[in-house]
């Protein structure tokens, strides 16, 4: 995934919070032992390393509780509640670790002091950061060029993410009748011919261009002068929208994106490396999940007659069909009336089927599909040919999701709730196209961690 302001800020926040927690633990050592014994505990008995381990546990718990997702942390009460829950989870995990490996423990007295101290510091720190990011005087000031639907959609996304660090100061357009009128609260500040004056007057940090390049309408000269001046960042609307939302807007997508996003030789080499890594992960997953798979097979066989595995034709890379395998979670005659959309509360599912679908155990046989090279661990979810032909007619660029191998999990699966309609498929396609454009081992790792979090907490299960 390409670097962005969001990612850099997350890294800064991670480093700052690691410093806060690590400092709280070291200070707890000082309060408990005093300055004389503190050096012995931290240096001789490797206290610094133990504090670093505890810090890693806390940061991991914060991640699992979405405390690094700026876009969902608007409510301060929710923020404090999640902090308490995350630190509680981290300390429980540490207690278990200390019980199994006693040499890693700093001491019960130190832990009892460190927990309330870390909680107090983290609540104060996070509430301050929350206020800072939400304050109207802070954040990057954005001027939107254009007033059409694309410009309004960009503005809606920014206005809906007040903690993302962006502020819409207004719009500029070519229509004099729109000047002074309010669009989604921010108003049209002036004409595009006056861009230079508006940028200086409003202290604009970034210009987002969301206007079609019609001859005589697009402010090429003004934007070029501002770009060469270097006083303001200029970004194309579709790219800004993609970076902000983590999806590609089908309404803003142009054929040139597909042309210039072609996969070169370096990308193909990286793709081969990713393919090897995905198969290794699938092999490890298949071995570790073998006891669960055997238990699942027995329970399916006991509950209802029919095969243990459910095989179904799906569309793979470059449109090639393959046979996808899952543990059967429905009755044998579930589709006697023909193919239908699956739903989150599907009444065709058996009792065992509802459980294994909720915790994703029904997907285990797909490790074999990955090992056979028909799927990757991460990618767009494979769809049935019947629905692919239908969706390709209804949704532009739908066939482009088959440029890469389908996946067991994917960006769309972790970012969009379960859906069973053409509009849901359209929304998911925007996330799939984002993944295709930005695929990397780093993004794959993020998706895998998010998938583990979803399975652990049951969020998004279907």
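Just so it is clear, none of the values below were taken in a lab; they were calculated from the coordinates. Predicted model, so just to flag it, every value in this text is computed and none were measured. Positions of Cβ are backbone-derived with ideal geometry, glycine not excepted, and every protein chain shown enters the neighbour counts.
Results, tabulated for the structure shown:
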item	result
Footprinting exposure proxy for 284, 352 (fewest neighbouring C-beta atoms within 10 Å first)	284, 352
Additional length obtainable on full extension of the chain from residue 420 to residue 254, 0.36 nm per residue less Cα span	57.1 nm
Cα extents of the stretch 140-245 along the three principal axes, largest first (Å)	34, 31, 25
Whole-percent pair-distance distribution, where bins are 10 Å wide, for the alpha carbons of the stretch 405-455	25, 56, 19, 0
Rounded to 5, the percent of DSSP beta bridges in the stretch 140-245 classed as antiparallel	5
Order of 269, 21 under a 10 Å beta carbon neighbour criterion, fewest first	269, 21
Extended-chain gain in nm, criterion 0.36 nm per residue less alpha-carbon gap, residue 234 and residue 275	11.1 nm
Net length gained if the chain between residue 10 and residue 40 were fully extended (0.36 nm per residue, minus Cα distance)	7.3 nm
Relative contact order [Cα under 8 Å, 6+ residues apart], the stretch 140-245, whole percent	31
Efficiency of FRET between residue 112 and residue 304 - r from beta-carbon atoms, R0 35 angstrom, step 0.05	0.10
Pairwise label distance in nanometres, residue 80 with residue 99, each label 7 Å out on the Cα-Cβ vector	3.1
Nearest-0.05 FRET efficiency for residue 446 and residue 175, computed from C-beta distance (R0 35 Å)	0.25
Kirkwood Rh, angstrom, the stretch 353-415 [1 / mean 1/r, Cα pairs]	12.9
